[in-house]
Amino acid sequence: MAPGIIGKGDASSFFAQSKQGTPPNLYVGLDEDELRAKSDRRLLYYGSPFHRDIISGSRGLYIYTASGHRILDWTSGQMSCLLGHGHHEIVQVIHDHALQLDHLFSGMISPPVISLGERLCSALPEGLDRALFLSTGGESNEAAIKLAKVYTGKFEIVGIGGSWHGMTAQAQGAQYHFGRRGHGPPMPGMHMLPAPNAYRSVFRTSEGYHDWKTEMDHGWRQIDLQSCGSLAACIVECIQSSAGMHVLPSGYLAALKEHCEARGMLLIVDEAQTGIGRCGDFVAINNEAFVPDILTLSKTLGNGLPLSAVVTSDKIGLEAARRGFFFYTTHVNDPLPAAVGDKVLEILFRDRLVDHARAMGRLLHAGLDRLFSRYGCIGDVRGRGLMAGIEIVSDRESKAPALPLAHAIADRAYRLGLWANLSSHPSFGGTFRIAPPITISVDQVKEGLAILEKAFAETEGTLPLHNDV
(Lines give C-alpha, C1' and ligand atoms only; values in the text may rest on other atoms or scores of the structure.)
Protein backbone atom coordinates (compact mmCIF):
# COMPACT_ATOMS: atom_id res chain seq x y z
CA MET A 1 0.00 0.00 0.00
CA ALA A 2 1.36 3.42 -0.97
CA PRO A 3 2.38 5.77 1.86
CA GLY A 4 -0.51 7.86 3.14
CA ILE A 5 -3.21 5.71 1.52
CA ILE A 6 -5.93 4.61 3.91
CA GLY A 7 -6.24 0.86 4.41
CA LYS A 8 -7.59 -1.63 6.90
CA GLY A 9 -8.12 -0.51 10.45
CA ASP A 10 -9.00 3.09 9.71
CA ALA A 11 -11.34 4.41 6.99
CA SER A 12 -11.65 1.34 4.77
CA SER A 13 -15.06 0.48 6.20
CA PHE A 14 -16.24 3.98 5.35
CA PHE A 15 -14.92 3.68 1.81
CA ALA A 16 -16.87 0.43 1.43
CA GLN A 17 -19.99 2.14 2.70
CA SER A 18 -19.44 5.00 0.27
CA LYS A 19 -19.38 2.64 -2.69
CA GLN A 20 -22.81 1.21 -2.00
CA GLY A 21 -24.96 1.72 -5.07
CA THR A 22 -28.36 1.64 -3.39
CA PRO A 23 -29.76 5.16 -3.05
CA PRO A 24 -30.95 6.24 0.40
CA ASN A 25 -34.71 5.91 0.75
CA LEU A 26 -35.55 8.70 3.20
CA TYR A 27 -37.89 10.12 0.54
CA VAL A 28 -39.71 7.65 -1.70
CA GLY A 29 -42.51 8.00 -4.23
CA LEU A 30 -41.81 11.66 -4.93
CA ASP A 31 -43.57 13.56 -7.68
CA GLU A 32 -40.74 15.79 -8.95
CA ASP A 33 -43.00 17.95 -11.10
CA GLU A 34 -45.21 18.71 -8.12
CA LEU A 35 -42.20 19.49 -5.93
CA ARG A 36 -40.75 21.82 -8.56
CA ALA A 37 -44.07 23.64 -8.83
CA LYS A 38 -44.16 24.13 -5.06
CA SER A 39 -40.54 25.29 -5.11
CA ASP A 40 -41.33 27.87 -7.78
CA ARG A 41 -44.30 29.09 -5.76
CA ARG A 42 -42.95 29.10 -2.20
CA LEU A 43 -39.15 29.46 -2.13
CA LEU A 44 -37.50 32.86 -2.14
CA TYR A 45 -34.71 33.46 -4.64
CA TYR A 46 -31.40 34.15 -2.90
CA GLY A 47 -28.93 34.73 -5.71
CA SER A 48 -28.69 31.54 -7.76
CA PRO A 49 -31.26 29.65 -9.83
CA PHE A 50 -32.29 26.34 -8.30
CA HIS A 51 -31.18 23.20 -10.07
CA ARG A 52 -33.99 21.36 -11.77
CA ASP A 53 -33.34 17.98 -10.11
CA ILE A 54 -34.71 17.39 -6.62
CA ILE A 55 -31.99 15.84 -4.44
CA SER A 56 -33.58 13.19 -2.27
CA GLY A 57 -30.60 11.47 -0.66
CA SER A 58 -26.87 11.42 0.00
CA ARG A 59 -24.41 8.79 1.12
CA GLY A 60 -20.63 8.78 1.21
CA LEU A 61 -19.39 10.65 -1.85
CA TYR A 62 -22.66 10.41 -3.77
CA ILE A 63 -25.89 12.35 -3.97
CA TYR A 64 -29.11 10.98 -5.46
CA THR A 65 -31.94 12.66 -7.31
CA ALA A 66 -35.58 11.80 -6.76
CA SER A 67 -35.51 10.03 -10.14
CA GLY A 68 -32.68 7.79 -8.94
CA HIS A 69 -29.72 9.41 -10.72
CA ARG A 70 -26.50 8.83 -8.74
CA ILE A 71 -23.95 11.67 -8.87
CA LEU A 72 -20.38 11.70 -7.56
CA ASP A 73 -20.19 14.84 -5.42
CA TRP A 74 -16.88 16.54 -6.16
CA THR A 75 -17.79 19.72 -4.27
CA SER A 76 -18.65 18.18 -0.87
CA GLY A 77 -22.06 19.82 -0.79
CA GLN A 78 -21.14 23.49 -0.46
CA MET A 79 -17.43 22.57 -0.01
CA SER A 80 -18.33 21.40 3.51
CA CYS A 81 -18.86 17.62 3.83
CA LEU A 82 -15.19 16.93 4.50
CA LEU A 83 -15.73 13.29 5.50
CA GLY A 84 -18.55 12.66 3.03
CA HIS A 85 -22.30 12.50 3.46
CA GLY A 86 -23.82 10.49 6.29
CA HIS A 87 -20.57 9.41 7.97
CA HIS A 88 -21.75 6.88 10.57
CA GLU A 89 -19.69 8.33 13.43
CA ILE A 90 -20.92 11.85 12.73
CA VAL A 91 -24.49 10.58 12.55
CA GLN A 92 -24.06 8.91 15.95
CA VAL A 93 -22.73 12.12 17.54
CA ILE A 94 -25.67 14.09 16.17
CA HIS A 95 -28.11 11.47 17.48
CA ASP A 96 -26.55 11.34 20.95
CA HIS A 97 -26.37 15.10 21.44
CA ALA A 98 -29.83 15.73 20.02
CA LEU A 99 -31.06 13.42 22.79
CA GLN A 100 -28.86 14.60 25.65
CA LEU A 101 -27.06 17.91 25.06
CA ASP A 102 -28.25 19.97 22.13
CA HIS A 103 -28.51 23.72 22.88
CA LEU A 104 -27.83 25.90 25.91
CA PHE A 105 -28.00 29.46 27.15
CA SER A 106 -25.20 31.33 25.40
CA GLY A 107 -23.30 32.02 28.62
CA MET A 108 -23.09 28.32 29.53
CA ILE A 109 -20.14 26.10 28.59
CA SER A 110 -20.34 22.35 27.96
CA PRO A 111 -17.81 19.49 27.63
CA PRO A 112 -17.93 19.27 23.79
CA VAL A 113 -17.10 22.97 23.46
CA ILE A 114 -14.15 22.67 25.85
CA SER A 115 -12.94 19.49 24.12
CA LEU A 116 -13.15 21.07 20.66
CA GLY A 117 -11.31 24.18 21.84
CA GLU A 118 -8.54 22.07 23.35
CA ARG A 119 -8.21 19.72 20.36
CA LEU A 120 -8.30 22.51 17.78
CA CYS A 121 -5.90 24.93 19.44
CA SER A 122 -3.47 22.12 20.32
CA ALA A 123 -3.27 21.24 16.62
CA LEU A 124 -2.68 24.83 15.49
CA PRO A 125 0.61 26.76 15.68
CA GLU A 126 1.52 28.65 18.83
CA GLY A 127 -0.15 32.05 18.72
CA LEU A 128 -3.53 30.57 17.84
CA ASP A 129 -4.47 29.84 21.42
CA ARG A 130 -8.14 30.70 22.02
CA ALA A 131 -11.26 29.81 20.03
CA LEU A 132 -14.82 31.04 19.71
CA PHE A 133 -17.39 28.79 17.97
CA LEU A 134 -20.19 30.15 15.82
CA SER A 135 -22.37 28.90 12.97
CA THR A 136 -21.32 30.09 9.49
CA GLY A 137 -18.21 31.33 7.75
CA GLY A 138 -19.72 34.76 7.29
CA GLU A 139 -20.46 34.91 11.00
CA SER A 140 -16.90 33.91 11.92
CA ASN A 141 -15.43 36.54 9.59
CA GLU A 142 -17.83 39.14 10.98
CA ALA A 143 -16.62 38.31 14.48
CA ALA A 144 -12.96 38.33 13.39
CA ILE A 145 -13.28 41.78 11.81
CA LYS A 146 -15.05 43.11 14.88
CA LEU A 147 -12.35 41.57 17.10
CA ALA A 148 -9.65 43.32 15.05
CA LYS A 149 -11.49 46.65 15.25
CA VAL A 150 -11.87 46.44 19.01
CA TYR A 151 -8.25 45.36 19.54
CA THR A 152 -6.70 48.03 17.29
CA GLY A 153 -9.20 50.80 18.01
CA LYS A 154 -9.42 51.41 14.24
CA PHE A 155 -12.05 50.62 11.62
CA GLU A 156 -10.71 50.36 8.05
CA ILE A 157 -10.55 46.84 6.52
CA VAL A 158 -8.62 45.62 3.47
CA GLY A 159 -9.84 42.70 1.35
CA ILE A 160 -8.52 41.05 -1.79
CA GLY A 161 -10.11 41.35 -5.23
CA GLY A 162 -12.10 38.21 -6.04
CA SER A 163 -12.56 37.37 -2.37
CA TRP A 164 -15.60 35.81 -0.71
CA HIS A 165 -16.06 36.11 3.06
CA GLY A 166 -19.79 35.92 3.72
CA MET A 167 -23.12 37.73 3.76
CA THR A 168 -23.01 39.74 6.99
CA ALA A 169 -22.31 43.46 6.69
CA GLN A 170 -18.61 43.62 7.53
CA ALA A 171 -17.72 40.31 5.90
CA GLN A 172 -19.53 41.26 2.71
CA GLY A 173 -18.00 44.70 2.76
CA ALA A 174 -14.54 43.09 2.63
CA GLN A 175 -15.30 40.88 -0.39
CA TYR A 176 -14.94 41.92 -3.99
CA HIS A 177 -16.21 39.03 -6.09
CA PHE A 178 -19.98 39.39 -6.07
CA GLY A 179 -22.91 40.78 -4.09
CA ARG A 180 -21.95 44.42 -3.52
CA ARG A 181 -24.74 45.93 -5.63
CA GLY A 182 -28.36 46.65 -4.82
CA HIS A 183 -28.16 46.73 -1.02
CA GLY A 184 -27.24 50.35 -0.41
CA PRO A 185 -23.85 51.60 0.84
CA PRO A 186 -21.41 49.01 2.24
CA MET A 187 -19.62 49.40 5.54
CA PRO A 188 -17.37 52.48 5.55
CA GLY A 189 -13.61 52.15 5.36
CA MET A 190 -13.38 49.13 3.03
CA HIS A 191 -10.41 48.91 0.63
CA MET A 192 -9.32 46.38 -2.02
CA LEU A 193 -5.95 44.92 -2.97
CA PRO A 194 -5.55 43.44 -6.49
CA ALA A 195 -6.28 39.71 -6.64
CA PRO A 196 -3.09 37.66 -7.14
CA ASN A 197 -4.35 35.95 -10.31
CA ALA A 198 -1.22 34.40 -11.81
CA TYR A 199 -3.09 33.38 -14.97
CA ARG A 200 -4.54 36.78 -15.87
CA SER A 201 -2.68 39.50 -13.94
CA VAL A 202 -1.17 42.31 -16.02
CA PHE A 203 1.72 42.57 -13.54
CA ARG A 204 4.53 40.60 -15.22
CA THR A 205 8.30 40.32 -14.91
CA SER A 206 10.46 40.78 -18.00
CA GLU A 207 10.42 36.98 -18.33
CA GLY A 208 6.61 36.94 -18.32
CA TYR A 209 6.05 35.57 -14.81
CA HIS A 210 3.42 36.93 -12.43
CA ASP A 211 5.03 39.81 -10.50
CA TRP A 212 2.78 39.55 -7.44
CA LYS A 213 5.15 41.51 -5.19
CA THR A 214 5.01 44.62 -7.40
CA GLU A 215 1.25 44.10 -7.72
CA MET A 216 0.86 43.97 -3.94
CA ASP A 217 3.08 47.01 -3.34
CA HIS A 218 1.10 48.97 -5.94
CA GLY A 219 -2.14 48.01 -4.22
CA TRP A 220 -0.93 49.18 -0.83
CA ARG A 221 0.17 52.51 -2.29
CA GLN A 222 -3.38 53.01 -3.55
CA ILE A 223 -4.84 52.05 -0.16
CA ASP A 224 -2.53 54.47 1.65
CA LEU A 225 -3.82 57.26 -0.59
CA GLN A 226 -7.44 56.34 0.18
CA SER A 227 -7.10 55.58 3.90
CA CYS A 228 -8.14 58.06 6.54
CA GLY A 229 -5.42 56.67 8.82
CA SER A 230 -7.50 54.05 10.63
CA LEU A 231 -6.42 50.73 9.03
CA ALA A 232 -7.41 47.90 11.38
CA ALA A 233 -7.01 44.61 9.51
CA CYS A 234 -6.60 42.78 6.23
CA ILE A 235 -8.53 39.56 5.49
CA VAL A 236 -7.39 36.98 2.93
CA GLU A 237 -8.07 33.42 1.75
CA CYS A 238 -5.16 31.01 1.11
CA ILE A 239 -6.96 29.80 -2.02
CA GLN A 240 -9.49 32.15 -3.58
CA SER A 241 -12.13 29.56 -4.34
CA SER A 242 -15.03 31.70 -5.54
CA ALA A 243 -12.64 33.68 -7.72
CA GLY A 244 -11.62 30.50 -9.55
CA MET A 245 -9.39 28.45 -7.22
CA HIS A 246 -6.38 30.78 -7.24
CA VAL A 247 -3.62 29.75 -4.82
CA LEU A 248 -1.72 32.53 -3.07
CA PRO A 249 1.87 32.66 -4.37
CA SER A 250 4.56 31.33 -2.07
CA GLY A 251 5.67 34.14 0.23
CA TYR A 252 2.50 36.17 -0.30
CA LEU A 253 1.24 35.82 3.29
CA ALA A 254 4.57 36.84 4.78
CA ALA A 255 4.79 39.90 2.53
CA LEU A 256 1.18 40.80 3.35
CA LYS A 257 1.97 40.52 7.05
CA GLU A 258 4.90 42.93 6.66
CA HIS A 259 2.60 45.51 5.09
CA CYS A 260 0.08 45.03 7.88
CA GLU A 261 2.65 45.37 10.67
CA ALA A 262 4.04 48.55 9.08
CA ARG A 263 0.56 50.05 9.40
CA GLY A 264 -0.37 48.67 12.83
CA MET A 265 -2.92 46.26 11.33
CA LEU A 266 -3.89 42.67 12.10
CA LEU A 267 -3.96 39.94 9.45
CA ILE A 268 -6.98 37.62 9.32
CA VAL A 269 -6.76 34.38 7.31
CA ASP A 270 -10.08 32.85 6.23
CA GLU A 271 -9.73 29.07 5.86
CA ALA A 272 -13.38 28.20 5.32
CA GLN A 273 -12.55 25.75 2.52
CA THR A 274 -8.81 25.16 2.85
CA GLY A 275 -8.81 24.22 6.54
CA ILE A 276 -9.01 20.82 8.25
CA GLY A 277 -6.86 18.80 5.87
CA ARG A 278 -8.27 19.48 2.43
CA CYS A 279 -5.10 21.00 0.97
CA GLY A 280 -2.72 18.35 2.33
CA ASP A 281 -1.95 20.22 5.55
CA PHE A 282 -4.09 20.50 8.67
CA VAL A 283 -4.60 24.15 7.75
CA ALA A 284 -3.25 25.79 4.61
CA ILE A 285 -1.11 28.27 6.57
CA ASN A 286 1.03 25.26 7.59
CA ASN A 287 2.29 25.09 3.99
CA GLU A 288 4.03 28.43 4.54
CA ALA A 289 4.78 27.91 8.25
CA PHE A 290 2.80 31.11 8.74
CA VAL A 291 0.80 32.25 11.76
CA PRO A 292 -1.84 34.99 11.28
CA ASP A 293 -3.17 37.20 14.03
CA ILE A 294 -6.65 35.69 13.61
CA LEU A 295 -7.71 32.48 11.86
CA THR A 296 -11.28 31.69 10.85
CA LEU A 297 -12.61 28.21 10.05
CA SER A 298 -16.03 27.01 8.96
CA LYS A 299 -17.54 24.63 6.35
CA THR A 300 -15.12 21.69 6.72
CA LEU A 301 -15.01 21.91 10.53
CA GLY A 302 -18.67 20.88 10.84
CA ASN A 303 -18.77 18.34 7.99
CA GLY A 304 -21.82 20.11 6.58
CA LEU A 305 -23.37 21.19 9.88
CA PRO A 306 -23.29 24.92 10.67
CA LEU A 307 -20.10 25.32 12.70
CA SER A 308 -17.37 27.93 12.45
CA ALA A 309 -14.51 29.15 14.59
CA VAL A 310 -12.50 32.28 15.30
CA VAL A 311 -9.05 31.55 16.71
CA THR A 312 -6.52 34.09 17.96
CA SER A 313 -3.66 34.60 20.38
CA ASP A 314 -3.82 34.94 24.15
CA LYS A 315 -2.57 38.52 23.77
CA ILE A 316 -5.28 39.61 21.33
CA GLY A 317 -8.03 37.65 23.06
CA LEU A 318 -7.35 38.98 26.54
CA GLU A 319 -6.80 42.58 25.45
CA ALA A 320 -9.94 42.58 23.29
CA ALA A 321 -11.94 41.27 26.27
CA ARG A 322 -10.53 44.07 28.40
CA ARG A 323 -11.64 46.58 25.77
CA GLY A 324 -15.19 45.26 25.66
CA PHE A 325 -15.28 42.91 22.65
CA PHE A 326 -18.53 41.00 22.39
CA PHE A 327 -20.15 38.74 19.83
CA TYR A 328 -23.06 37.32 21.76
CA THR A 329 -25.30 35.16 19.54
CA THR A 330 -28.02 32.57 20.09
CA HIS A 331 -25.84 29.70 18.91
CA VAL A 332 -22.41 30.75 20.15
CA ASN A 333 -20.54 27.72 21.57
CA ASP A 334 -23.52 25.40 21.05
CA PRO A 335 -22.78 21.85 22.27
CA LEU A 336 -24.24 19.78 19.41
CA PRO A 337 -22.26 21.30 16.51
CA ALA A 338 -19.18 21.53 18.74
CA ALA A 339 -19.44 17.79 19.41
CA VAL A 340 -19.58 17.20 15.65
CA GLY A 341 -16.51 19.38 15.09
CA ASP A 342 -14.64 17.56 17.83
CA LYS A 343 -15.48 14.22 16.20
CA VAL A 344 -14.37 15.51 12.80
CA LEU A 345 -10.94 16.37 14.22
CA GLU A 346 -10.73 13.05 16.05
CA ILE A 347 -11.41 11.13 12.83
CA LEU A 348 -9.06 13.36 10.83
CA PHE A 349 -6.07 12.63 13.06
CA ARG A 350 -6.95 9.03 13.90
CA ASP A 351 -7.33 7.99 10.27
CA ARG A 352 -4.39 10.05 8.95
CA LEU A 353 -6.68 11.86 6.55
CA VAL A 354 -4.31 14.79 6.05
CA ASP A 355 -1.76 12.42 4.54
CA HIS A 356 -4.52 10.77 2.55
CA ALA A 357 -5.74 14.10 1.17
CA ARG A 358 -2.20 14.91 0.09
CA ALA A 359 -1.86 11.57 -1.72
CA MET A 360 -5.28 11.81 -3.36
CA GLY A 361 -4.48 15.40 -4.34
CA ARG A 362 -1.41 14.22 -6.23
CA LEU A 363 -3.52 11.67 -8.08
CA LEU A 364 -6.23 14.23 -8.84
CA HIS A 365 -3.83 16.86 -10.17
CA ALA A 366 -1.98 14.32 -12.30
CA GLY A 367 -5.29 13.44 -13.93
CA LEU A 368 -6.25 17.07 -14.45
CA ASP A 369 -2.83 17.82 -15.94
CA ARG A 370 -3.45 14.98 -18.39
CA LEU A 371 -6.75 16.60 -19.38
CA PHE A 372 -4.88 19.89 -19.89
CA SER A 373 -2.53 18.13 -22.30
CA ARG A 374 -5.49 16.78 -24.29
CA TYR A 375 -7.96 19.69 -24.60
CA GLY A 376 -7.06 23.17 -25.78
CA CYS A 377 -10.12 24.75 -24.14
CA ILE A 378 -8.48 24.23 -20.74
CA GLY A 379 -6.57 27.43 -20.14
CA ASP A 380 -5.25 26.66 -16.68
CA VAL A 381 -5.25 23.94 -14.02
CA ARG A 382 -4.44 25.05 -10.49
CA GLY A 383 -4.97 24.27 -6.84
CA ARG A 384 -3.41 22.32 -3.99
CA GLY A 385 -4.28 18.96 -2.48
CA LEU A 386 -7.97 18.16 -2.90
CA MET A 387 -8.82 21.66 -4.11
CA ALA A 388 -8.51 22.23 -7.84
CA GLY A 389 -9.70 24.59 -10.54
CA ILE A 390 -10.03 24.06 -14.31
CA GLU A 391 -10.48 27.31 -16.24
CA ILE A 392 -12.24 27.02 -19.60
CA VAL A 393 -11.28 29.43 -22.39
CA SER A 394 -12.02 29.81 -26.09
CA ASP A 395 -8.31 29.31 -26.84
CA ARG A 396 -5.06 29.47 -24.90
CA GLU A 397 -3.63 32.39 -26.84
CA SER A 398 -6.41 34.90 -26.17
CA LYS A 399 -7.51 33.39 -22.82
CA ALA A 400 -11.00 34.65 -23.66
CA PRO A 401 -13.61 33.16 -21.29
CA ALA A 402 -15.85 30.52 -22.89
CA LEU A 403 -18.84 30.40 -20.56
CA PRO A 404 -21.29 28.65 -22.94
CA LEU A 405 -18.71 25.93 -23.56
CA ALA A 406 -18.00 25.59 -19.84
CA HIS A 407 -21.72 25.20 -19.16
CA ALA A 408 -22.01 22.56 -21.87
CA ILE A 409 -19.14 20.55 -20.37
CA ALA A 410 -20.62 20.89 -16.88
CA ASP A 411 -24.06 19.77 -18.05
CA ARG A 412 -22.59 16.74 -19.81
CA ALA A 413 -20.51 15.76 -16.76
CA TYR A 414 -23.62 16.04 -14.57
CA ARG A 415 -25.63 13.80 -16.87
CA LEU A 416 -22.76 11.30 -16.82
CA GLY A 417 -22.78 11.31 -13.00
CA LEU A 418 -20.31 13.94 -11.75
CA TRP A 419 -21.04 17.19 -9.92
CA ALA A 420 -18.12 19.62 -10.18
CA ASN A 421 -19.33 23.15 -9.47
CA LEU A 422 -18.85 25.61 -12.31
CA SER A 423 -18.19 29.15 -11.13
CA SER A 424 -19.43 31.18 -14.07
CA HIS A 425 -19.46 34.76 -12.82
CA PRO A 426 -18.07 37.01 -15.58
CA SER A 427 -15.56 38.57 -13.16
CA PHE A 428 -13.15 35.74 -13.94
CA GLY A 429 -14.67 33.44 -16.57
CA GLY A 430 -15.75 29.82 -16.19
CA THR A 431 -13.81 27.65 -13.76
CA PHE A 432 -14.70 24.24 -12.41
CA ARG A 433 -14.22 24.18 -8.64
CA ILE A 434 -13.28 20.70 -7.46
CA ALA A 435 -13.21 19.96 -3.72
CA PRO A 436 -14.32 16.38 -2.97
CA PRO A 437 -14.54 14.92 0.53
CA ILE A 438 -11.07 13.97 1.74
CA THR A 439 -12.27 10.41 2.36
CA ILE A 440 -12.29 9.94 -1.41
CA SER A 441 -10.76 6.66 -2.59
CA VAL A 442 -8.35 6.01 -5.45
CA ASP A 443 -11.22 4.44 -7.41
CA GLN A 444 -13.45 7.49 -6.86
CA VAL A 445 -10.72 9.87 -8.04
CA LYS A 446 -10.32 7.75 -11.17
CA GLU A 447 -14.11 7.53 -11.61
CA GLY A 448 -14.46 11.32 -11.57
CA LEU A 449 -11.52 11.85 -13.91
CA ALA A 450 -12.96 9.31 -16.37
CA ILE A 451 -16.31 11.12 -16.35
CA LEU A 452 -14.60 14.47 -16.92
CA GLU A 453 -12.60 13.01 -19.82
CA LYS A 454 -15.80 11.67 -21.37
CA ALA A 455 -17.58 15.01 -20.89
CA PHE A 456 -14.77 16.88 -22.66
CA ALA A 457 -14.62 14.28 -25.42
CA GLU A 458 -18.38 14.41 -26.06
CA THR A 459 -18.77 18.21 -26.00
CA GLU A 460 -18.28 20.16 -29.19
CA GLY A 461 -15.70 22.94 -29.10
CA THR A 462 -13.31 21.55 -26.48
CA LEU A 463 -10.38 21.74 -28.96
CA PRO A 464 -8.94 18.21 -28.68
CA LEU A 465 -5.15 18.09 -28.94
CA HIS A 466 -5.08 14.36 -29.71
CA ASN A 467 -6.36 12.09 -32.44
CA ASP A 468 -8.05 9.30 -30.44
CA VAL A 469 -11.48 10.99 -30.02
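The values are calculated or read from the model by the stated rules, or taken from the named source; none is laboratory data. All of these numbers come straight from a predicted model, not from anything done at the bench. Cβ sites come from the backbone with ideal geometry, for glycine too, and all protein chains shown count toward neighbours. For accessibility, only protein heavy atoms count, side chains too; no ligands or nucleic acids. Shrake-Rupley method; radii C 1.70, N 1.55, O 1.52, S 1.80 Å.
Considering only P249, L353, G341, whose Cα is most displaced toward the positive end of the charge dipole of the chain, charges sitting on Cβ of Lys, Arg (+1) and Asp, Glu (-1)? The one lying farthest along the dipole's positive direction is P249.
Can you tell me how the range 372-458 classifies by the Cα gyration tensor, rounded, prolate or oblate, using a/c under 1.5 as the rounded cut? Prolate, because a/c is 1.5 or more and a/b exceeds b/c. With a/c under 1.5 counting as rounded, go ahead and sort the range 157-264 into rounded, prolate or oblate using the C-alpha gyration tensor (a ≥ b ≥ c being the square roots of the eigenvalues; past the cut-off, prolate if a/b is larger than b/c, else oblate). Cα axes put the range 157-264 in the oblate bin. Sorting the segments 435-447, 451-463 by their residues' average number of neighbouring beta-carbon atoms within 10 angstrom, most packed first, yields 435-447, 451-463. Stretching V442 away from R362 to a fully extended chain increases their span by 27.7 nm, per 0.36 nm per residue minus the current alpha-carbon distance. Under 17 Å from the 7 Å Cα→Cβ point of R323, by amide nitrogen: which residues of the range 120-144? It comes to 142-144, nothing else.
Rolling a 1.4 Å probe over the protein heavy atoms of the chain, with every protein chain left in place, gives an accessible area that is 55 percent carbon and sulfur.
The residues neighbouring G430, those whose beta-carbon lies less than 15 Å from its own, together hold a net charge of +2 under the Lys/Arg +1, Asp/Glu -1 convention. Which shape class applies to the range 92-351: rounded if a/c is under 1.5, otherwise prolate when a/b exceeds b/c and oblate if not, where a ≥ b ≥ c are the square roots of the Cα gyration tensor eigenvalues? Here the range 92-351 falls in the prolate category. For the chain, the Cβ-based charge dipole about the Cα centre amounts to some 340 debye (Lys, Arg positive; Asp, Glu negative; other atoms uncharged). Each of R433, R370 has its accessible area taken with a 1.4 Å probe; listed largest first, they run R370, R433.
Run the simple label-point estimate for R36 and S106 please: 7 Å along Cα→C-beta, distance reported in nm. Roughly 4.2 nm, to one decimal. Geometric descriptor of the range 97-177, per residue, is 140 Å³ (volume of the convex hull of the Cα atoms). Taking a cut-off of 29 Å between Cα atoms, list the lysines near K257, but don't count ones fewer than 8 places away on the same chain. Once the sequence-local lysines are set aside, what remains near K257 is K146, K149, K154, K213, K299, K315. Summed over the residues of the range 92-351 and divided among them, the accessible surface reaches 40 Å² per residue at a probe radius of 1.4 Å.
A simple spin-label model places the labels of T330 and H95 2.8 nm from each other, with each point 7 Å out along Cα-to-Cβ.
Charges on Cβ only, +1 for Lys and Arg, -1 for Asp and Glu, centred on the Cα centroid of the range 92-351; of G324, P185, Q92, which one is farthest towards the dipole's positive end? Of G324, P185, Q92, it is P185.
Beta-bridge orientation, the range 92-351: approximately 45 percent antiparallel, per DSSP, counting only bridges with both partners inside. V291 sits among other residues whose Cβ lies under 10 Å from its own Cβ, and their net charge, with Lys and Arg +1 and Asp and Glu -1, is -2. Once all protein chains are placed together, L363 keeps about 50 Å² accessible to a 1.4 angstrom probe.
Residues of the range 293-311 with an amide N closer than 19 Å to a point placed 7 Å from the Cα of L26 along the Cα-to-Cβ direction: 299-307. For D468, D73, D293, the ranking by accessible surface with the largest value first comes to D468, D293, D73, using a 1.4 Å probe. Subtracting the Cα-Cα distance of E397 and Y46 from their residue separation scaled by 0.36 nm leaves 122.7 nm.
When only the Cβ of Lys, Arg, Asp and Glu is charged (+1, +1, -1, -1), the dipole of the range 92-351 relative to its Cα centre reaches about 620 debye.
Taking a straight line from the alpha carbon of K446, not one of the aspartates and glutamates sits under 13 Å away once near neighbours fewer than eight places off in the same chain are left out. Compute the signed sum of charges (Lys and Arg +1, Asp and Glu -1) over the other residues within less than 11 Å, Cβ to Cβ, of F372. It works out to a net charge of +1.
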